[in-house]
1. Given springs between every Cα pair under 10 Å in a Gaussian network model of the chain, which of Ala132, Ala237, Ala175 has the largest fluctuation?
2. Please give the helix 14-27 orientation as an angle from the longest Cα principal axis of the chain, in degrees from 0 to 90, rounded to the nearest 10.
3. Beyond 35 Å, how much of the Cα-Cα pair distribution for the range 8-308 remains, as a whole percent?
4. Where a Cα-Cα gap under 16 Å defines reach, which aspartates and glutamates qualify for Lys28, not counting those fewer than 8 residues away within the same chain?
5. Working from Cα positions, state the angle (0 to 90°, nearest 10) between the long axis of helix 33-44 and the longest principal axis of the chain.
6. Quick one: among Ala30, Ala235, Ala42, which has the greatest mean-square fluctuation in a GNM of the chain with alpha-carbon springs under 10 angstrom?
7. In Å, what is the Rg of the alpha-carbon atoms in the range 84-210, and how long is Dmax?
8. Which one of Val116, Val136, Val93 has the biggest mean-square fluctuation once the chain is modelled by GNM with Cα springs under 10 Å?
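The values are calculated or read from the model by the stated rules, or taken from the named source; none is laboratory data. None of these values were measured; they are calculated from a predicted model. Note that each Cβ is placed from the backbone with ideal geometry, even for glycine, and that neighbours are counted across all protein chains shown. With ligands, DNA and RNA removed, areas are computed over all heavy atoms of the protein, side chains included. Shrake-Rupley method; radii C 1.70, N 1.55, O 1.52, S 1.80 Å.
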Amino acid sequence: MGLNVTPVREISPDTLLDRANALISTYKTASNPELIQQLPQAAAELGDLCPPPDPATGLHVLRGLNADDSGLGATPSSWSDASPTRTAEWDVVMLLLASAMGRPFGWEGQQDGRLVHDIVPSRGHEHEQTGASSTVTLAAHNEDAFHHRRAHLMLLGCLRNPDQVATSAASVRHADLDDADVEALSAPVLPILPDDAYDKARHSPLEPPRVPTLWHGEDGLCLRFDPAYTPLEQAGADYRAAYGRLCRELDRVKVGVRLEPGDVLVIDNDAVVHGREPFRARYDGTDRWLKRVNVRLPDRDRPSAEAAEHGYGQQPIDPYEEG
Ligand SMILES: O=C(O)CCC(=O)C(=O)O
Ligand SMILES: [Fe+2]
């Protein structure tokens, strides 16, 4: 994977950290609903500290936050063991960054509905296609591709990455695809099934909707892609061949981002797929540890047919939803 080609945006964190700590001293943890209601206003006061990534690249790394991990304690052995107070500063910083770009949201069936997810390797999940895996390559995917209300942007904040494990990222806008393939892959031919992180949705009796893999968005070509959960065998030979060419192109243009403690990777989830290289989990409290936040951009459009999808019964938790 090519390194050092990801745009880095230096941020000066003083105001952000002051704001985060002021919120924590009043509201204690990032899951406090009153704190969540304060976020849009608090983020507006930060100005244009962190605009969304340039559509041409679809990602950037925000650098400049504190890399000191001495107060964090041991990396939890699973998301459910993470302490809401020990990483409150990180959680609120992630939510402020998310709120400066759009609106953070969570999922009913993901990590207890929290807005900030802990991504750590977990025993028994080593071979899964989820963020809790380690031994296997996490194949390139759009986050929550099975769902019509998936994030427009995804933030990954790095608390620890001692073995410099690379997150991979590939923009469909860098892929060299011919017009016939773009047209073929724009037809709603195959469903994308819920991933292993969503137990209830995986057992949904609802008929999986067939969805386009590619479409043209306002800023350029977009994709909805998760081959690990796509029953490709249900498609005809021409479609399978075009899908295979897309996979190879995404693999060709991917970059490896070895996040350093304090980095926040921002990914446009309509233009860029992400994954992760395999690594050996340590399970000794020093493991890799990321924080993840999903972000909605209220003005971003998606294909109108998505509005009729059922999302396999999985509901977003959107604290800012109107009505
Ligand atoms: O561990 C990583 O670098 C990415 C994991 C991932 O796909 C995710 O958290 O959504
Ligand atoms: Fe992911």
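1. Highest fluctuation among the options: Ala237.
2. 80
3. 17
4. Straight-distance partners of Lys28: Asp18, Glu89, Asp91.
5. The helix 33-44 is inclined about 80 degrees to the chain.
6. Maximum fluctuation in the GNM of the chain, among the listed residues, is at Ala235.
7. Gyration radius and largest Cα-Cα distance of the range 84-210: 16.9, 53 Å.
8. Val136
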